[in-house]
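**Student:** Could you have a look at this structure, given as C-alpha cells, before my questions?
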Amino acid sequence: MNVTRLDIYVEQGCMGCRRAAELAEWVRERFPQVNVRVLTPQEDASEQAARVRATPTYFLNGVEFSLGNPSREQLEAALVSVQASLS
C-alpha cells in the first residue's frame with residue numbers, strides 16, 4: 001500500500017504557521033491515511049528541507065505543493081488526486 005506524505009515546514013514566529021498547524025490537524029482528521037509531518041527546515045536534514053525558501057511550505061510526496069497556506073479546498077483536491085493516483 002502506498003502512503004501519501006504531507007510535510008509542512010514552519011518556523012517560530014511565522015505569521016501563517018499557526019494556520020498551517022490548524023490545516024495539519026484538519027488533514028489528520030479528514031485523511032487519517034495521510035502521513036502528516038509539521039517540522040522546521042532546521043530539524044530535517046533532507047534535500048527537500050533545503051529547498052524551503054519561506055514558511056509555511058507544503059510538500060506532497062516530496063513535491064512542493066504550496067508556498068504559503070492553501071485553502072482547505074485546494075488541499076483536499078490535491079490529496080484526493082494523489083490518493084487516486086496511488087490506488
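The values are calculated or read from the model by the stated rules, or taken from the named source; none is laboratory data. These numbers come from a predicted model, not from an experiment. Counting neighbours? That spans all protein chains shown, and the Cβs are built from the backbone with ideal geometry, glycine included. For accessibility, only protein heavy atoms count, side chains too; no ligands or nucleic acids. Shrake-Rupley method; radii C 1.70, N 1.55, O 1.52, S 1.80 Å.
**Student:** Within the range 8-24, count every residue that is in contact with a Ser or Thr (Cβ under 9 Å, 6 or more places away or on another chain), loosely packed, with under 13 Cβ neighbours inside 10 Å and part of a helix (DSSP H, G or I).
**Tutor:** Counting residues in the range 8-24 that are in contact with a Ser or Thr (Cβ under 9 Å, 6 or more places away or on another chain), loosely packed, with under 13 Cβ neighbours inside 10 Å and part of a helix (DSSP H, G or I) gives 0.
**Student:** For the range 34-46, does any single residue satisfy the condition of being in contact (Cβ under 8 Å) with a residue 40 or more places away in the chain and within 12 Å of THR4 (Cβ to Cβ)?
**Tutor:** Scanning the range 34-46, I find at least one residue that is in contact (Cβ under 8 Å) with a residue 40 or more places away in the chain and within 12 Å of THR4 (Cβ to Cβ), so the answer is yes.
**Student:** Next question. Across the range 45-68, which residue is nearest to ILE8 (Cα to Cα) among those that are in a loop (DSSP other than H, G, I, E, B) and open to solvent by 90 Å² or more (accessible area, probe 1.4 Å)? Walk me through how you get there before you give the answer.
**Tutor:** Filtering the range 45-68 down to residues in a loop (DSSP other than H, G, I, E, B) leaves 45-46, 51-56, 61-62, 68.
Checking the rest, the ones that are also open to solvent by 90 Å² or more (accessible area, probe 1.4 Å) come to 45, 53.
Working: ALA45: 14, ARG53: 13 Å.
So the residue we want is ARG53.
**Student:** Now for a separate question. Does VAL27 count as surrounded by 11 or more Cβ atoms within 10 Å (Cβ to Cβ), among the aliphatic types (A, V, I, L, M), at pLDDT below 95 and assigned to a helix (DSSP H, G or I)?
**Tutor:** Here the answer is no, as VAL27 does not meet what is asked.
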